[in-house]
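Written below as structure tokens is the structure these notes are about.
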Amino acid sequence: MSTPLVELPVRRLTKADVPLCADLSEDRGWPREEHKWGLLLAAGTGYGIDDPSGKGLVTACVVTRYAPGPEQRSELVAIGMVLVAERFARQGVGRRLMKHVIAEAGEAPVTLHATPYGRPLYEELGFGTVGRAEMVRGFFQPTGPAPRAVTRPATAEDLPAILRLDAEVFGQDRTHVITRLPAFADQLRVAESGGVLTGYAAAWPNMETHVVGPLVARDTDTAKSLVASLAEASDRPLRTDIDVRHEELLDWLRACGLSTVAYNTVMLRGAGELPGDASRRFAPLTVAAG
């Protein structure tokens, strides 16, 4: 007798599983995103359930752990890329995988960005809504007064300052993710004023687009300057996920040719709010990593 789907073992994924993860993405109508899967499986831990017939993965996700930041006492765990193969949908395997990774997280708060399809399951599992992100996409065409902040390409010497700023704004230590940005992204830029780093942003390749993220800045003008400077060196459409509280930036991006593609609900389990400074956290590296 075959093992019921909800009793199949969960295993840890490795970078060798990137093609299987990309196949699973494609099965659900998502882009393959092998470049992003590679980063997530290197900086985090993938979990999956194998198809008993040997035909790829039944379900998969990636968990990224962040150590406590300057003012935090606990880790933060981010879950992303939660996918179930179409042929196994609505059979309880997604819930099985989520329960497994939540148990693995222990007492640490757990965050994720939920699609409308996945939100009911996450609410059942104890997640509450703490925010919303708006995905915008399109060819960037400058309009109106140019933003005033000064930006430049990041250098290796900037990395310590970038890490300090990121830990302050994100509220957790993301060194193991941020140090991978120079190799992962096509561009990494910083903003500075009076010799002080006031923001940074990356643009990384994702299929036919450049994704802008992370986008960390002391104010909206600095965020605009970083986006504009990244767009100037890109020949692709831009895509980014902006915290909806940053209405001025979203209005400007739409005026510059980007259109709303989708919304995600930011959810959290085990804490009342996310750490860090939301006023300076404009966009994540990827919603899959929190």
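Search the range 110-158 for residues being assigned to a helix (DSSP H, G or I), of a type in the set (Asp, Glu) and over 19 Å from SER225 (Cβ atoms), and hand back the single one that is farthest from the chain's Cα centre (by Cα). Give the steps one after another, and end with the answer.
Of the residues in the range 110-158, the ones assigned to a helix (DSSP H, G or I) are 119-124, 156-158.
If we keep only those that are of a type in the set (Asp, Glu) as well, we get 123-124, 157-158.
Of the ones still in play, those that are also over 19 Å from SER225 (Cβ atoms) are 123-124, 157.
Numbers: GLU123: 20, GLU124: 23, GLU157: 25 Å.
That would be GLU157.
Could you please let me know if ARG95 is open to solvent by 70 Å² or more (accessible area, probe 1.4 Å), closer than 19 Å to MET267 by Cβ and touching a strand residue (DSSP E or B) at 6+ places or on another chain (Cβ under 7 Å)?
Values: open to solvent by 70 Å² or more (accessible area, probe 1.4 Å): yes; closer than 19 Å to MET267 by Cβ: yes; touching a strand residue (DSSP E or B) at 6+ places or on another chain (Cβ under 7 Å): no.
So ARG95 fails the test.
Among the numbered criteria (1) in a loop (DSSP other than H, G, I, E, B); (2) surrounded by 13 or more Cβ atoms within 10 Å (Cβ to Cβ); (3) free of Cβ contacts under 8 Å to residues at least 60 places away in the same chain, which one does VAL63 miss?
(1)
Please go through the range 272-290 and pick out each residue that is open to solvent by 40 Å² or more (accessible area, probe 1.4 Å) and among the hydrophobic types (A, V, I, L, M, F, W, C).
Of the residues in the range 272-290, the ones open to solvent by 40 Å² or more (accessible area, probe 1.4 Å) are 272-274, 276-277, 279-281.
LEU274, the sole residue that qualifies.
Which of the residues belonging to the range 240-279 are of a type in the set (A, V, I, L, M) and assigned to a helix (DSSP H, G or I)? So that I can check it myself, show each step before the final result.
Our first condition is that a residue be of a type in the set (A, V, I, L, M); within the range 240-279, this holds for 242, 244, 249-250, 253, 255, 258, 261-262, 266-268, 271, 274, 278.
Selection gives LEU249, LEU250, LEU253, ALA255, ALA278.
Could you list, in sequence order, all residues of the range 226-239 that are open to solvent by less than 20 Å² (accessible area, probe 1.4 Å), closer than 15 Å to ALA255 by Cα and part of a helix (DSSP H, G or I)? Even if it seems obvious, please write down each step before you answer.
Quick first cut of the range 226-239, residues open to solvent by less than 20 Å² (accessible area, probe 1.4 Å) only: 226-227, 229-231, 237-238.
This time we only want the ones that are closer than 15 Å to ALA255 by Cα, so: 227, 231, 237-238.
Listed by number, the residues that qualify are VAL227, ALA231.
Would a scan of the range 190-199 turn up a residue that is buried (at least 19 other Cβ atoms within 10 Å of the Cβ) and outside any strand (DSSP E or B)?
No; the residues of the range 190-199 include none that is buried (at least 19 other Cβ atoms within 10 Å of the Cβ) and outside any strand (DSSP E or B).
Failed condition for ASP166, given (1) buried (at least 23 other Cβ atoms within 10 Å of the Cβ); (2) within 26 Å of ARG73 (Cα to Cα); (3) out of contact with any Ser or Thr (no Cβ under 9 Å at 6 or more places or on another chain), with all others met?
Unmet condition: (3).
Determine whether the range 169-176 contains at least one residue that is surrounded by fewer than 19 Cβ atoms within 10 Å (Cβ to Cβ) and either touching a helix residue (DSSP H, G or I) at 6+ places or on another chain (Cβ under 7 Å) or farther than 20 Å from PRO284 by Cβ (or both).
Looking only at the range 169-176, we keep the residues that are surrounded by fewer than 19 Cβ atoms within 10 Å (Cβ to Cβ), and these are 175-176.
Narrowing the set further to residues that are either touching a helix residue (DSSP H, G or I) at 6+ places or on another chain (Cβ under 7 Å) or farther than 20 Å from PRO284 by Cβ (or both) leaves 175-176.
There is at least one residue in the range 169-176 that is surrounded by fewer than 19 Cβ atoms within 10 Å (Cβ to Cβ) and either touching a helix residue (DSSP H, G or I) at 6+ places or on another chain (Cβ under 7 Å) or farther than 20 Å from PRO284 by Cβ (or both).
The values are calculated or read from the model by the stated rules, or taken from the named source; none is laboratory data. For clarity, every value in this text was computed on a predicted model and none was experimentally measured. Virtual Cβ from ideal backbone geometry, glycine too; neighbours counted across all protein chains shown. The area values use the complete protein model at the heavy-atom level, side chains included, leaving out ligands, DNA and RNA. Shrake-Rupley method; radii C 1.70, N 1.55, O 1.52, S 1.80 Å.
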